[in-house]
Amino acid sequence: MLAVAVLLLLLLLAAGPGRAAAGPGRDALREELLLSPLPNGDVAATFQFRTRWDADLPRGAVSHYRLFPKALGQLVAALGVRELHLTLTQGFWRTQAWGQPPLQAPSGAELWVWFQSTVTDVDKAWKELSNILSGIFCASLNFIDATNTVTPTASFKPLGLANGTDHNLLRYAVLPREVVCTENLTPWKKLLPCGSKAGLAVLLKAERLFHSSYHSQAVHIRPICRDASCLAVSWELRQTLTVVFDTFSSGQGKKDWSLFKMFSRTLTDACPLASQSKVYVDVSPKNKEKELLEVTPPPTSVYEATVQGDKRTYAVYDLLSPSLFNTSRSLNVQFKWKRPEDSSEMPIPVLHAQRYVSGYGLQTGEISTLIYNTHPYRAFPVILLETVPWYLRLYVHTLTIITKGKENKPSYIHYQPAQDRRRPHLLEMLIQLPANSNTKISIQFERALLKWTEYPPDPNHGFYVSSSVLSALVPSITAMKDVDVEDSPLFTSLFPSADGSSYFVRLYTEPLLVNLPTPDFSMPYNVICLTCTVVAVCYGSFYNLLTRTFHVEEPSRGGLAKRLANIIRKFRGVPPL
């Protein structure tokens, strides 16, 4: 019996505590880095870490976590979250100069969540969720409340497996004034299975990441199909980080780059827990002269695909390949242009937009959004989402949509008016964009006068208005082939193409900075100083005169010693004292 017990104990130890507790649940980690030289000479680096877990989180039956972060897993199970998308961005993605990003985000903090149908009080769960995420990521998400939260009806559909699309279960909020710093990056890196100790995460050096023109980090949680039959559900955590390095601000002054120049580090090995670890370098021609990119050392393979309507060629470095680190202990990808740089025309994206505020004075103004469709012969619809704070009172009757000098009536419009200090304006429209055209959407507003306690510490800086959101299926000039999502790179699988003729694009415009009527906050200081001076000088002196008691002191006649001295002086003929 003792031998049988020892044998069973050895079998349990060989199975490992993770397998014994996790049961049938399996998890896997894929990590990749995409290096994309941009047309204007900058370089974009996109990190993506995907953790897939075959477990049933909403039922709360999971007690052991291996790769999936326990903090996020318990959050999803406790609050009934179906999808969660959080982005923290510093800077603005310049679409006209950099092209379409793999995944764009607005400036500041953006959070949109789909809840399960079993959640009875969505607003309470939304408030609790934002407070918990604020503590996890050291961000100001606790400032999300009813005044900046909306419920879109058409713009944000579930990206994962969804049984229904009841928009009442959706909440969306943006904090355009949120500043992203190292304190937000550190908890984000701690969610990775290997942290920043191994794999691609060793390149995440805060000093280099924040010395860039654009920085965006995101967390996406969604349910996906476990297999092709989709009889079971798996949970996917996708952590993305995108940075754009400026060649001139970094002191390089040329297009040649390397991993060490960008991150001050090189790659030494893959994450031991990762089932796939790859580095993709976009070596596609960037202009009409077919200016090619040369990379060293030679890649392990070459991958060709159609991404966002364009044919792309990628040099692939597989960190799990034994032959990659045979010649050197570290991987320092270097790439340079074969021809010297010239001032060639940059490719124009098919869909891009810009936004601005116009008007004069501090009473009224106008918000204008310009949407460009540069496709030579295809028209397509676009969904525009506008979220405007309550203190900018919109005049909906002034809404105009002009395309090629003619009025363009939207096919669908949803407007929810704001309530002072309760909720913002929500405007959604479905607009048809003709081929090779630009569309202008403008609406006038009136500025409200806030209470003096509602102004921020720097009221003269202005008030931010969150970015407009554009969602569209953009027609592809190049036919796209159907590929396996699991075998394709991660940067092409978040928005899979429904067919080979179009691809999904979500764009964000610039945030606006609007000035409101601001009282002179220095006047109370001046009044206090003047009042104190009057009280101290005038009233104080007058009060002393009224309340002070005056006593007349008569000269004293002296004591006994003085009188005796005077008598003696009298007898001596000396004048008295």
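Do any trypsin sites (Lys or Arg not before Pro) in segment 300-340 lie in a DSSP loop with no more than 11 other beta carbon atoms within 10 Å, and if so, which?
Listed in order of number, the matching sites are R329, K338.
Per-residue ellipticity at 222 nm for the chain, helices alone: DSSP H runs ≥ 4 residues times -39500 (n - 2.57), over residue total, nearest 500 deg cm²/dmol?
Rounded to the nearest 500, the figure is -5000 deg cm²/dmol.
Would you mind counting up the charge near E304? Only other residues with Cβ under 9 Å from its Cβ, with Lys and Arg at +1 and Asp and Glu at -1.
+2
Below 8 Å between Cα atoms, with a sequence gap of 6+, how large is the relative contact order for the chain in percent?
Result for the chain is 14 percent.
Against the longest alpha carbon principal axis of the chain, how many degrees, from 0 to 90 and to the nearest 10, is the axis of helix 70-79 turned?
Roughly 90 degrees, rounded to the nearest 10.
Against the globular-protein guess of 2.2 N^0.38 Å, express the Cα radius of gyration of segment 162-271 as a ratio, rounded to two decimals.
The reported ratio for this selection is 1.39.
Mind listing the phi-derived Karplus ³J(HN,Hα) values for segment 392-400, rounded to whole Hz, using 6.51, -1.76 and 1.60 with θ = phi - 60°, and x for any glycine or proline?
10, 7, 6, 9, 5, 5, 8, 5, 10
Can you give me the Rg/Rh ratio for the chain, using Cα atoms for both radii and the Kirkwood formula for Rh?
1.23
Any chance you could run the full-extension gain for A435 through S284? It's 0.36 nm times the residue separation minus the Cα-Cα distance, nm to one decimal.
51.7 nm
Determine the sum of side-chain charges near L204: Lys and Arg each +1, Asp and Glu each -1, restricted to other residues whose C-beta is under 15 angstrom from that of L204.
Once positives and negatives cancel, what remains is +2.
Report the normalised scattering of segment 361-405 as log10 I(q)/I(0) at q = 0.24, 0.29 Å⁻¹, calculated by the Debye formula with identical scatterers on the alpha carbons.
Relative scattering, expressed as log10 I(q)/I(0), comes to -1.11, -1.40.
Quick check on my link table: of K190/K261; K197/K278; K197/K255; K70/K189, which ones sit more than 19 Å apart, alpha carbon to alpha carbon?
K190/K261; K197/K255, as the Cα separations exceed 19 Å there.
Classify segment 31-252 from the C-alpha gyration tensor, please: rounded if a/c falls under 1.5, else prolate or oblate depending on whether a/b exceeds b/c.
Cα axes put segment 31-252 in the prolate bin.
Only the coordinates and a few stated rules stand behind these numbers; no lab work does. Bear in mind the structure is a predicted one, so any value in this text is a computation, not a measurement. As a convention, Cβ positions derive from the backbone with ideal geometry for all residues, glycine included, and neighbour counts pool all protein chains shown.
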